[in-house]
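The block underneath contains the structure these notes are about, expressed in structure tokens.
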Amino acid sequence: MPELNEDFKQYLSPTPLLDCDHHEVINYANRVTHNTSSQEEKAIALYYAVRDDIFYDPYRVSLAPEDLKASVTLERKFGFCVSKAILLAAALRVLGIPSRLGYADVRNHITTERMKEKYIESDLFVYHGYTDVFLNHRWVKATPAFNLSLCEKFHIKALEFDGKTDSIFHEYDEGGNKHMEYVNDHGTYADVPLDDIRAAFYREYPNLMAQAAQPEGSFEEEAKPI
């Protein structure tokens, strides 16, 4: 753990969206990591819990602040890359593990036929979210977005996290074919840059944002290689 100067404390503090002071988030972080000892073991346990316990569902994307809270995602058991990264970051802060949020634009993001044809008429997904974790005196990237069962249906290798190396994208599918590619880095933040994310989503995906309040279908049930 580094010396906690004022700048670094922001990566351990609660915010309106990273509500690491919420009792359910506190209970979740402690429950998931009760059999671990080191910070690295705790971070790994939390990564896999958020990855697989919270189902990825972009059909129900909402950028309303009340829907992005870590405690709300935990209660609902579903989210998308932005909200799942928020939950992981908040849970890490509960345990005194510094965390921040990172965003990048990616190509060939996991999607379905209906998502691609009706909501995102592009192979570019903007502000794909991940969590940056401070372990062993360095920042390590972790992306808990895509749960294991979803990856299996898409024939994509689920992202693993060992606490030492960056885990940020599915570069190849199970057949060794080129898959996801990061094309633009938006940097890292102590809190969610919500205005920037909202502006990008409403500019790029007006159909998706228009339907967010009344989602159709199940993303996981429709999942298959495209």
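Please treat every number below as a calculation from the coordinates, not as lab data. Just so you know, these numbers come straight off a predicted model, no measurement behind them. As a convention, Cβ positions derive from the backbone with ideal geometry for all residues, glycine included, and neighbour counts pool all protein chains shown.
With K and R counted +1 and D and E -1, the other residues having a Cβ less than 12 Å from that of LEU46 yield a net charge of +1. Counting only the Cα atoms, segment 1-105 fills a convex hull of 106 Å³ per residue. LYS77 sits among other residues whose Cβ lies under 10 Å from its own Cβ, and their net charge, with Lys and Arg +1 and Asp and Glu -1, is -2.
For PHE78, the residues 5 or more places off, or on other chains, whose built amide H falls under 5 Å of its own are PHE55. Exposure proxy for HIS128, HIS155: other Cβ atoms within 10 Å of each Cβ, ordered fewest to most, give HIS155, HIS128.
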